[in-house]
Structure formats: C-alpha cells, structure tokens
Amino acid sequence: MVDSPVQHAFLSYVHENAEAVETLASVLSAAGIPVWKDTENLWPGEDWKEKIRSAIEDGSLAFIACFSTISVSKTKTFMNEELALAVDQFRLRPLGHVWLLPVRLDDCDLPNYDLGGGRTLNSLQRIDIFGPNREANLARLVAAIMGIFGTSTTSAATIAAAIATANDADRGPRLAEALKLGITDPSKMMATEDLFLGEVKTVIEALKDQERFPLGGGAGPSVVTMVERAQEYEQLVGPLVHAAITLGAWGAEDHAVLAARAMSRIAAVTNEVQGGFTALIHLREYVLLPVIYAGVMGAVARRNGRMVRAFTLDPRVDINGHSFALTAATSPWQPFREADVAASVLARVGISGGTIEERLAEYEKGAGKFYTPVSEHLFRVLRQLAEPFVLDEQEYEQLFNQTEGFLAMSELDFAANSDTAPEYRRGRSHWIGRIGHAERYLDENAGLAPETVRDVQGQRERWWPLLGGMFGSDWQRAEVAASAWRDNVLAARQRRF
C-alpha cells in the first residue's frame with residue numbers, strides 16, 4: 001500500500017534566493033505549516049522530477065512561487081518547470097480557489113504566465129515580503145496559508161514564529177503586530193502577553209549581564225563609551241518601544257496592568273545597588289525613557305487616559321524604602337547626571353549622523369550643546385513610530401510636546417499628593433523638554449501648556465485623562481498639575497532666553 005503524500009505548502013524558488021526562502025520556510029514551519037523544499041525533501045538516488053511532480057500534484061495544499069529580480073531574469077531554471085506543473089494544476093481547480101500564491105522577494109516584475117480562463121499570474125493578489133511592510137505581509141501570508149489548511153488564521157504559534165525568526169530590526173514591528181491581535185481578539189491575549197513578558201525578561205537579563213553591559217573595569221568611561229552604551233540600550237529595548245506605543249494607543253485595563261508590571265520590574269532592576277562607575281550605573285535608567293515616552297505618546301494620540309496612567313503613575317519604584325511613581329523616580333536628566341556631555345553628543349549623532357568622535361569634536365568647539373538633549377534625541381527616535389497617528393511634522397511636534405506635558409503633570413501631581421516625594425521635586429518638573437524653547441516666541445497665555453489649563457477648566461470631569469483615572473479623577477487636582485506645568489514651561493523659557 002502506498003502512503004498518501006503529506007499535505008504541505010510547496011516552496012518554488014531559484015537557489016540564488018535560498019537564504020530568503022529559508023527564512024520564510026522557518027516562519028511557516030514554526031507556525032505549524034508543513035513545508036516542501038527541494039533541499040530538505042529530496043534524497044540521494046530519488047527521481048527528483050517525479051518526486052517534485054508528486055509533491056505539487058498530490059500533496060500541496062498551497063503552491064508558493066517566490067519571485068525575485070534574479071529569478072525572472074533567468075531563462076532556464078528548475079523553478080520554471082515547477083511553475084509549469086503548478087499552472088496545469090491551477091487550471092484544474094475551480095474559479096476562486098486559492099492555491100497558487102505569488103510572493104515577491106524584492107521589487108521585481110512578475111512574469112506574465114497564462115493561467116487560463118482569462119487569468120494571468122499578475123491577476124492574482126501577490127504578497128511582498130520585503131520593504132517596510134515585510135512583517136505585516138509575512139503575517140498575512142501565514143494567515144492565508146493557514147486558512148487554506150483549514151486552521152485558525154492566526155495562532156499563538158504563528159505569532160511566536162514570526163517573532164522568533166525576526167532579526168533585531170524586525171522584532172519590534174512583529175511584537176507590535178502580535179499585541180494588536182491580542183488587543184482585538186481576547187482569546188489571543190494570553191499568548192501575546194507571554195510574548196511581551198518574554199521581551200521584558202530579555203531586557204532584564206541583559207541588564208544583569210555584566211559581560212554584556214559591564215559597569216566597572218579599567219579607566220572611567222569616556223564620552224564615546226557612554227554614547228555607545230546608550231545606543232546599545234536603545235537597541236535592547238527597541239521591541240518594547242514598539243510594544244509600548246501599541247499598548248498605549250489601544251490598551252484597556254488588562255493591558256494597563258501588564259504595562260505597569262513590566263515598567264515596575266525594569267525600573268527595579270535599573271535601581272538595584274551595583275558596584276562600578278557611577279556614570280555607568282546611572283546610565284542604566286536610560287532603558288526606561290524610550291519605553292515611557294512611546295507608551296504615553298500612543299496613549300495621548302488615542303486619548304487613552306487609562307494607559308497614560310499605566311506608564312506614569314501606576315508603575316512603582318522603591319527608593320530608600322519609599323514607593324515612588326515612575327515619573328517621580330526618573331527623568332530625562334537622571335541617566336546622564338554624571339555625563340551631560342554624552343547626552344548632547346548622543347543627540348547630535350541622532351540629528352546629524354556621523355561618528356561619535358566627530359560629534360564630540362563639534363561639541364568641544366561649542367556647536368553641539370542642547371538645552372534638552374535627551375528630549376531632542378527622543379523626538380527624532382520616536383518619529384517613525386508615531387507615523388500612524390499624525391498627518392505631518394507639525395502634528396508630530398504637537399503630539400510629542402503633549403507627551404512630555406503629561407509626563408511632567410504626572411510627576412507634579414504625584415509630588416503634590418505624596419508624603420514621600422523629596423522637596424526638590426515639589427512644584428518643579430524634571431520632564432520639561434523641548435517645549436521650553438520650541439514655543440519661546442509665544443506670550444504667557446499662548447501655547448500648549450496654557451491651552452491645557454483652559455481645557456481642564458472648561459471640561460472639568462469630562463476631560464479625557466480623568467476618565468482613565470489620572471489625577472485621582474479629580475478635575476481640580478488636574479487643574480493644579482496643569483497650572484504647575486504651565487508655570488514650569490514659562491520659567492524654562494525665561495531661563496533659556
């Protein structure tokens with residue numbers, strides 16, 4: 001008795017594209033989709049033509065044709081023979097049946113194969129797994145194949161596979177995509193929560209790794225070392241930054257608890273007593289800043305007061321036996337309080353490019369200093385993430401300034417209503433960023449901060465942050481915080497100009 005062929009997705013490609021196709025095969029396999037590839041499914045001595053024919057005609061529930069500039073430029077390939085068999089099979093299938101899936105690995109023109117019935121290869125919906133939409137399209141491809149196989153279009157395995165096979169640059173977008181699925185489909189929330197907490201654990205373990213991020217040894221850290229370390233921290237938390245803006249924008253109560261838990265734990269690790277150089281110990285707090293900013297930015301963009309609270313007041317940090325709200329425990333200045341030159345050089349590298357050494361030389365000549373270097377730097381770092389929420393640069397600047405405003409107001413509110421806040425943090429915010437000079441030409445009654453005070457006074461209990469529990473849901477308390485923020489902004493203008 002002859003065994004029936006195992007049902008699978010057949011991958012057709014030219015061998016110059018083997019690496020890209022191997023990545024695709026890994027994602028499909030990890031998502032539970034059986035894959036047929038010539039390098040894995042052909043054995044020595046087998047009739048390869050007959051084996052491929054059987055794999056296409058008898059066993060494939062999906063035929064994935066992977067095209068590239070190289071593949072379409074070649075006149076003779078085994079892929080062409082596979083496609084000829086696939087076209088014959090496609091013509092035997094009913095109209096509307098999804099089986100042949102064209103995939104582009106780069107920006108190439110698809111060959112104009114005649115599929116019969118007035119259809120061509122170009123008439124089928126192609127999927128591009130390259131460029132800025134690569135991750136989202138890869139997820140759609142997996143979902144389409146799982147639909148053909150009669151399984152759930154999205155599963156925990158699918159999500160985990162996409163993230164597990166991602167390179168560092170791709171992990172953030174894929175994690176964000178997974179969280180969106182979990183937010184919109186509660187049945188998937190447990191799986192995506194595990195993925196998010198897995199990234200949190202990755203950050204925590206890295207911070208504790210003295211070989212990866214040493215705090216001592218040798219001479220004191222140079223400016224170049226400090227900037228390099230800050231850049232490494234940014235790369236480390238990159239996936240969490242993507243996750244934070246997603247949770248901030250669309251999260252609800254369960255997601256707020258998740259975010260606050262994550263931020264509290266990371267903050268606790270950054271504040272653990274460590275031996276080493278003071279500058280490097282303080283710099284550990286920098287890992288918090290991109291995540292905090294991103295979470296609050298997403299929340300402000302979508303007027304999600306509950307998630308503003310989740311990234312500012314709900315996370316708690318234990319300092320000298322006292323519990324502090326996160327925004328009262330750290331600030332953009334604290335990681336660089338022993339390295340203010342490094343902060344400006346970091347910002348200058350982000351703005352102007354070039355090497356750290358070049359920007360340091362520029363600073364030393366008097367041209368590289370910023371009033372609020374970390375604020376300026378994060379303003380540029382987070383720009384691309386904010387793309388779904390803004391129409392242009394003006395709207396982005398408004399959103400960023402509002403984000404810093406809520407960071408400042410949350411700190412001011414905690415200090416005004418807590419017995420443990422130190423005196424130096426009462427009435428004066430350490431989150432006054434670029435708005436202090438961005439609006440320097442406005443009078444004291446114009447600008448974002450005065451407008452916020454008027455919003456609170458006019459809307460009172462209906463002001464959207466109060467609906468999420470900010471400021472104890474008390475509009476008068478919110479008015480006090482907003483007024484204090486306005487006064488801080490005006491004072492910053494006066495100090496600088």
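Filtering Gly220, Gly238, Gly182 for residues that are over 22 Å from Val269 (Cβ atoms) and surrounded by 15 or more Cβ atoms within 10 Å (Cβ to Cβ) leaves a single hit, Gly182.
Yes or no: Val87 touching a residue at least 40 places away in the same chain (Cβ under 8 Å) and either more than 39 Å from the chain's Cα centre (by Cα) or surrounded by 11 or more Cβ atoms within 10 Å (Cβ to Cβ) (or both)? Criteria not met by Val87.
For residues that are outside any helix (DSSP H, G or I) and closer than 20 Å to Ala415 by Cα, scanning just the range 460-497, find the one that is nearest to the chain's Cα centre (by Cα). So the residue we want is Gly468. Only residues that are under 15 Å from Thr312 (Cβ atoms) and buried (at least 21 other Cβ atoms within 10 Å of the Cβ) were counted in the range 261-289, giving 6.
Taking Gly32 as the residue in question, decide whether it is part of a loop (DSSP other than H, G, I, E, B) and either surrounded by 21 or more Cβ atoms within 10 Å (Cβ to Cβ) or at pLDDT 70 or above (or both). So Gly32 fits the description; yes.
Figure legend. Inter-residue proximity from the range 263-284: first residues in the same structural domain as Leu326 (by TED's automatic domain parsing), second residues part of a helix (DSSP H, G or I) and hydroxyl-bearing (Ser, Thr, Tyr), beta-carbon distance below 6 Å, spacing 6+ or different chains. Indicated pairs: Arg284/Thr270.
Just checking, does the range 382-389 include any residue being assigned to a helix (DSSP H, G or I), assigned by TED's automatic domain parsing to the domain that holds Tyr293 and touching a Gly at 6+ places or on another chain (Cβ under 6 Å)? Give the steps one after another, and end with the answer.
First, the residues of the range 382-389 that are assigned to a helix (DSSP H, G or I): 387-389.
Keeping just the survivors that are assigned by TED's automatic domain parsing to the domain that holds Tyr293 gives 387-389.
Those still in the list that are touching a Gly at 6+ places or on another chain (Cβ under 6 Å) too: none.
The answer is no, given that none of the residues of the range 382-389 is assigned to a helix (DSSP H, G or I), assigned by TED's automatic domain parsing to the domain that holds Tyr293 and touching a Gly at 6+ places or on another chain (Cβ under 6 Å).
Residues are listed down the side, and each one gets a yes or a no for (1) more than 26 Å from Leu360 (Cα to Cα); (2) part of a helix (DSSP H, G or I):
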{"position": "Glu199", "(1), (2)": "yes, yes"}
{"position": "Val203", "(1), (2)": "yes, yes"}
{"position": "Glu211", "(1), (2)": "yes, no"}
{"position": "Ala230", "(1), (2)": "no, yes"}
{"position": "Gln235", "(1), (2)": "no, yes"}
{"position": "Ala243", "(1), (2)": "yes, yes"}
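Would you say Glu358 is modelled with pLDDT under 95 and not in a loop (DSSP other than H, G, I, E, B)? Against the criterion (modelled with pLDDT under 95 and not in a loop (DSSP other than H, G, I, E, B)), Glu358 qualifies. When you scan the range 43-56, do you find a residue that is closer than 22 Å to Val142 by Cβ, of a type in the set (Gly, Ala, Ser) and at pLDDT 85 or above, even just one? No: zero hits.
Taken over the range 58-70, residues that are at pLDDT 80 or above and farther than 15 Å from Lys37 by Cβ amount to 4. Against the criterion of being over 23 Å from the mean Cα position of the chain (by Cα), of a type in the set (Phe, Trp, Tyr) and either crowded, with 17+ Cβ neighbours inside 10 Å or closer than 21 Å to Leu288 by Cα (or both), Phe370 qualifies.
Residue pairs whose Cβ atoms lie under 7 Å apart, sitting 6 or more positions apart in sequence or on different chains, and linking a residue in the range 199-221 that is free of Cβ contacts under 8 Å to residues at least 12 places away in the same chain to a partner that is not charged (D, E, K, R), are Arg212/Ala206. When restricted to residues that are aliphatic (A, V, I, L, M) and in a helix (DSSP H, G or I), the range 413-449 contains 6. The set of residues in the range 342-354 that are over 16 Å from Leu289 (Cβ atoms) and buried (at least 17 other Cβ atoms within 10 Å of the Cβ) comprises Val345, Arg348, Val349.
Residue check: is Leu378 in contact (Cβ under 8 Å) with a residue 60 or more places away in the chain, under 20 Å from the mean Cα position of the chain (by Cα), within 30 Å of Ser222 (Cα to Cα) and assigned to a helix (DSSP H, G or I)? Show your work before the answer.
Numbers: in contact (Cβ under 8 Å) with a residue 60 or more places away in the chain: yes; under 20 Å from the mean Cα position of the chain (by Cα): yes; within 30 Å of Ser222 (Cα to Cα): yes; assigned to a helix (DSSP H, G or I): yes.
Taking the combined requirement at face value, the residue satisfies it.
Among the residues here, Ala421 does not qualify as touching a residue at least 60 places away in the same chain (Cβ under 8 Å), within 20 Å of Arg306 (Cα to Cα), in the same structural domain as Phe324 (by TED's automatic domain parsing) and aliphatic (A, V, I, L, M). Just one residue in the set Ala339, Ala301 is surrounded by 24 or more Cβ atoms within 10 Å (Cβ to Cβ) and of a type in the set (Gly, Ala, Ser); that residue is Ala339.
Within the group Leu115, Leu95, which residue is out of contact with any strand residue (DSSP E or B) (no Cβ under 8 Å at 6 or more places or on another chain) and modelled with pLDDT under 85? Exactly one of Leu115, Leu95 is out of contact with any strand residue (DSSP E or B) (no Cβ under 8 Å at 6 or more places or on another chain) and modelled with pLDDT under 85, namely Leu95.
Table: residues versus (1) modelled with pLDDT under 95; (2) closer than 19 Å to Gln334 by Cβ; (3) of a type in the set (S, T, N, Q).
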position	(1), (2), (3)
Met190	yes, no, no
Lys201	yes, no, no
Pro214	yes, no, no
Pro239	yes, no, no
Ala243	yes, no, no
Val257	yes, no, no
Phe277	yes, yes, no
Val287	no, yes, no
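Do the conditions hold for Ala438, that is, is it more than 30 Å from Gln231 (Cα to Cα), among the aliphatic types (A, V, I, L, M) and assigned by TED's automatic domain parsing to the domain that holds Gly298? Taking the combined requirement at face value, the residue does not satisfy it.
The values are calculated or read from the model by the stated rules, or taken from the named source; none is laboratory data. Computed from a prediction, not measured in an experiment: that's the story for all the values here. All Cβ positions, glycine included, derive from the backbone under ideal geometry; neighbour counts span all protein chains shown.
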